[in-house]
Amino acid sequence: MQTDPYTGAVPDTGLAVEAATERSAWRSHRTRLLILAGVIGLAVAYMVYAAFPGNTLYFVTVTEFMDDRSLHDGQTLRVAGGLAPDTFRREDGSTLSHFRLGDKQADVPGIAPGSPQVEASYVGVLPDLFFNPHSEIILEGHYDGHEQVFATDNILVKCPSKYQSMQSENPDLMPGAAAPAPSY
């Protein structure tokens, strides 16, 4: 074994090189892991950011919508209420519907007496419970100030909160008799 004439140390030919390589590999794996964790963290943060702005819409009643003129600026929002009686119109063979929406009273069919009403239009197939007087209707769209109509892009219908039998709605109706047709 030879010693270094200046330091007197024995040169280590394989162990020092192997230790330096192992430390470098460990640092390389650690760096890769940190970069991967950072990329995953940024991806999750972006998905959370991208998910919420589309779901943040104003949700107002008909009265709040009619009273607040700042909501008539064409922004997308949701207006909740009930279908006003005898206001539904649709031309034969067309999917364009016109109707009025008023404030809905809880557990009472129809709209609140004296409630303001907003004229609305919708192009498309209406949901099944649209004409149910106990259902709450939520219109998603924007107000067209030029036409003075709420242009609806999407209609959501909340099912009635409890079952209402036809007998409780129409006490004059005999059990087993057919219910009267709605006047819409």
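The values are calculated or read from the model by the stated rules, or taken from the named source; none is laboratory data. Since the model is a prediction, treat every value here as computed from it, not as a measurement. Backbone-built Cβ (ideal geometry, glycine too); neighbour counts: all protein chains shown.
Brief remarks on what is shown
- All positions within segment 120-143 that are modelled with pLDDT of 85 or more and over 23 Å from the mean Cα position of the chain (by Cα): none
- Residue that is modelled with pLDDT under 75 and under 30 Å from Ala80 (Cα atoms), where the choices are Gly54, Gly8: Gly54
- Count - residues of segment 66-87 that are surrounded by fewer than 15 Cβ atoms within 10 Å (Cβ to Cβ) and over 17 Å from the mean Cα position of the chain (by Cα): 7
- Residue count for segment 59-98 under the criterion of being touching a Lys or Arg at 6+ places or on another chain (Cβ under 6 Å), assigned to a loop (DSSP other than H, G, I, E, B) and farther than 13 Å from Pro116 by Cα: the result is 1.
- Hits in segment 108-119 (condition: assigned to a strand (DSSP E or B) and modelled with pLDDT of 90 or more): Gln117, Val118, Glu119
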